[in-house]
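For reference, the structure is listed below as structure tokens.
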Amino acid sequence: MTYERLNSLLITMVVTVAFIWLAIPFTMAVLWSLVDPAEPWTADKLLPPVMSFYRWVDMWENSSLRYALISSYTLAPSAALLGLCLALPTAFALGRFDFPGREFAKLLCLLPLVVPPFITAIFFSALLFQLGLNTWRFGAIVFAHSILFLPYAIRILTVSFETVRQDHIDAARDLGASAWARFRVAYLPALKPGISATLLIVFIQSIEEFAIAFIIGSPDIVTIPTLLYSALGQDFVRPNAAVLSLILVVPNVFLMLILERLMRSANPTLSSGKG
Amino acid sequence: MAAIGIRGLSKSFDGFQALSEFSLEVNQGEFLTLLGPSGCGKTTLLKIISGFLEPSTGTITIGGEDVTHVPPERRDTALCFQSYALFPHLTVLQNLEFGLKQKRVSRDQREVRISEVAAKLELETQLEKLPNQLSGGQQQRVSLGRALVMRPSVILFDEPLSNLDAKLRDQVRVEISRIQRDYSLTAIYVTHDQSEALAMSDRIVVLNGGKIVQVDTPEDLYSKPRTPFVADFIGGANLISGRVSSQTEKGPIIIETSMGPIKTSHLVKDNVDNVELSWRPERAKIGEGPHCGTIVHRAFQGQFTDLILEQNDIIFRIRTNNDKLRVGEVINFSLSPDDVVVLEVDK
């Protein structure tokens, strides 16, 4: 088989897979969100018979969507920032110090990710109740989210800290730089992509997180995923769920694109050095 | 007064003795090279002088002031890194400026110093570029410039040429020597390359196993190595052991070796029978002479030819301008008694 043939075959496969997994569900969500309650979309029809923005307007005016948007988009950046702050010291230790068992410690940090989220959520909420941290529910969710997504944050930042070059730190020191100046000139440029990536990942994860937000937050705090659950789980209004899914997904797609750009953007600290 | 005084310095890492009982004085304006194989302690010593490591015992003074426990950011030393260690996100100008800003040097002073150094190092047209837009040689010059603008009392070089290709290496080597002389800088230069050390230094400190083996000018180090290690490490001398057979007040001493009797005009200590001799491959005069050997290997190098010879199971090296000699030939050669050095036996 020639190289061109193989290439075109692979491209066809990628397009097919992307179509099945992305385009179809996405189109279905858009279509369902536009179904007008005047005429239901039955299985025998290819497209909804009547399309309008009724569901969008209705959700916006008559549900807790606005409140959910505000709480989700306050929770997520707070959790991202807190997660970053909590992860930095551990990542610094894992990335900059040589100690026995370092590789094992790195692995240990990733371990929470294999536990199903609902299980973590139940036991974590129990822990919060025991610590008496459940009274301020918003804070409890922020705390829980930042802890829950700490493995990602630690992993990304550890790699960032490993890319900081010791000779840059030493050179800054040799030139008389204080600890803060050393951080700015030697650490920060190498850490920047990792910090952005951490913030975005925790942000996206927190926006989409359901279990903790539901167990700790309900009924006081409604986030988009918990609202989505009530639209699907309790009332099972598919068009409403479609509206919510789109609200949940579309910003995340853009954030993911930004993340991709950030990860790809040339990090000058890595490309410099020996000529 | 010595620019740098090192007294009784020792450093050990987890039981490994990197430096032991090390004492050395560096004079003002001197170019001193620390030379030795990897693991000899030369980089450790440089790190102690620059302040990145604290010695286990001993003291360091710079300009008469005890700096043993002064951190690097407050030491009046500037280090040129093997990797250049330029800040990749800063322009050449910002790199040069960085240290001056840390020391709160006024803007006017900064401009004066940087333009002077940039002119000296021919970096004026590169100031707005980022380090990765420069060639290796230019990056090394920026690194040197960044150290020079600080006007340190001591400038330290950590194998600064090892990442450059051979041609550039010669060029930057000349440049470093010129700058050091022009500013009459006190410089400590770490290298494992003996030709670099011989070409640049006022004095060379040969280190092995964390100890000083010999401190001398390049010329003396080459012509009068004191130990077999120095003789071999610098210029790859031929070593041979022998017995003193006759020692008279006048005239050369005759040493009986497996190459036959060798004459030396250098003194042998009294009551010493067994000695180690060293002679340089390029000092042998091919033609007539008491010594002979069979050529077992020949390497033509352009301006000279290296010959490996064998006689009585002794292998030795001769360097000659004669490119007509071939493997298998037996040649005769002589050695001047002045060129045969008697070595101290390594303890």
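Before moving on, here are some points about what is shown:
- Residue within the range B:302-310 that is aromatic (Phe, Trp, Tyr), within 25 Å of B:Ser245 (Cα to Cα) and modelled with pLDDT of 85 or more present: no
- Test: residue in the range B:152-174 that is under 30 Å from B:Thr61 (Cα atoms), away from chain A (no Cβ under 14 Å) and within 21 Å of the chain's Cα centre (by Cα): yes
- Among the candidates B:Ala197, B:Ala187, B:Ala147, the residue that is touching a Phe, Trp or Tyr at 6+ places or on another chain (Cβ under 6 Å), assigned by TED's automatic domain parsing to the domain that holds B:Ile114, of a type in the set (A, V, I, L, M) and outside any loop (DSSP other than H, G, I, E, B) is uniquely B:Ala187.
- Taking the range A:162-174 as the range and being assigned to a helix (DSSP H, G or I) and within 18 Å of A:Gly95 (Cβ to Cβ) as the test, the residues that pass are A:Glu162, A:Thr163, A:Gln166, A:Asp167, A:His168, A:Ile169, A:Asp170, A:Ala172.
- Scanning the range B:102-116 turns up no residue that is under 29 Å from the mean Cα position of the chain (by Cα) and within 14 Å of another protein chain (Cβ to nearest Cβ).
- The sole residue among A:Pro25, A:Pro40, A:Pro89 that is without any contact (Cβ under 8 Å) to a residue 24 or more places away in the chain and not in a helix (DSSP H, G or I) is A:Pro40.
- Conditions (1) at the interface with another protein chain (Cβ under 9 Å from one of its Cβ atoms); (2) open to solvent by 30 Å² or more (accessible area, probe 1.4 Å); (3) within 26 Å of B:Gln28 (Cα to Cα); number of the one not met by B:Phe81: (2)
- Test: residue in the range A:175-198 that is part of a loop (DSSP other than H, G, I, E, B), within 14 Å of chain B (Cβ to nearest Cβ) and not hydrophobic (A, V, I, L, M, F, W, C): yes
- Members of the range B:67-78 that are more than 7 Å from chain A (Cβ to nearest Cβ), of a type outside the set (S, T, N, Q) and touching a Gly at 6+ places or on another chain (Cβ under 8 Å): B:Val67, B:Val70, B:Pro71, B:Arg74, B:Arg75, B:Asp76
- Of everything listed in (1) within 7 Å of chain A (Cβ to nearest Cβ); (2) open to solvent by 20 Å² or more (accessible area, probe 1.4 Å); (3) not hydroxyl-bearing (Ser, Thr, Tyr), the single unmet condition for B:Phe87 is (2).
- Looking across the range B:58-69 at every residue that is in a loop (DSSP other than H, G, I, E, B) and in contact with an Asp or Glu (Cβ under 9 Å, 6 or more places away or on another chain), the one that is surrounded by the most Cβ atoms within 10 Å (Cβ to Cβ) is identified as B:Val67.
- In this structure, A:Gly83 does not satisfy being touching an Asp or Glu at 6+ places or on another chain (Cβ under 8 Å) and either assigned to a helix (DSSP H, G or I) or among the β-branched types (Val, Ile, Thr) (or both).
- The lone exception for B:Arg146 - which of (1) charged (D, E, K, R); (2) more than 21 Å from the chain's Cα centre (by Cα); (3) surrounded by fewer than 22 Cβ atoms within 10 Å (Cβ to Cβ) it fails: (3)
- One residue stands out among those in the range B:252-282 that are of a type in the set (D, E, K, R) and touching a Ser or Thr at 6+ places or on another chain (Cβ under 7 Å): the one that is farthest from B:Asp306 (Cα to Cα), which is B:Glu256.
The values are calculated or read from the model by the stated rules, or taken from the named source; none is laboratory data. Please read these numbers as outputs of a predicted model, since none were measured by experiment. Ideal geometry is used to build each Cβ from the backbone, glycine not excepted, and the neighbour counts take in all protein chains shown. Surface areas here come from the heavy atoms of the whole protein model, side chains and all, with no ligands, DNA or RNA. Shrake-Rupley method; radii C 1.70, N 1.55, O 1.52, S 1.80 Å.
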